[in-house]
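J.: Submitted below is the structure of interest, expressed as structure tokens.
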């Protein structure tokens, strides 16, 4: 398991929020008050309904 870092030890000024391309993304669907099992996908595009809350 990775090393834990407490909030006070984070170097907030050095924390980047740029997009970082990865080979996979995690996709899961929330339906009827619960998350369905997710899966790793390679597609960079997502589809969202225009009326989604």
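J.: Among the residues of the stretch 38-53, count how many are more than 19 Å from residue 19 (Cα to Cα) and either in a loop (DSSP other than H, G, I, E, B) or in contact with a helix residue (DSSP H, G or I) (Cβ under 7 Å, 6 or more places away or on another chain) (or both). Can you show your working first?
T.: At the first step, the residues of the stretch 38-53 found to be more than 19 Å from residue 19 (Cα to Cα) are 38-39, 48-53.
Narrowing the set further to residues that are either in a loop (DSSP other than H, G, I, E, B) or in contact with a helix residue (DSSP H, G or I) (Cβ under 7 Å, 6 or more places away or on another chain) (or both) leaves 38, 48-53.
Going through the stretch 38-53 one residue at a time, the tally reaches 7.
J.: Here are the criteria: (1) in contact with a strand residue (DSSP E or B) (Cβ under 9 Å, 6 or more places away or on another chain); (2) in contact (Cβ under 8 Å) with a residue 12 or more places away in the chain. Tell me which single one residue 21 does not satisfy.
T.: (1)
J.: Okay, moving on. How many residues does the stretch 25-37 contain that are in a loop (DSSP other than H, G, I, E, B), at negative phi and at pLDDT 95 or above?
T.: Of the residues in that region, 2 qualify.
J.: For the stretch 1-46, which residues satisfy the criterion of being more than 15 Å from the chain's Cα centre (by Cα) and surrounded by 10 or more Cβ atoms within 10 Å (Cβ to Cβ)?
T.: Answer for the stretch 1-46, where residues must be more than 15 Å from the chain's Cα centre (by Cα) and surrounded by 10 or more Cβ atoms within 10 Å (Cβ to Cβ): 10, 36.
The values are calculated or read from the model by the stated rules, or taken from the named source; none is laboratory data. As the structure is a computational prediction, the values presented were derived from the model and not from experiment. With ideal geometry, Cβ positions are generated from the backbone for all residues, glycine too; neighbour counts draw on all protein chains shown.
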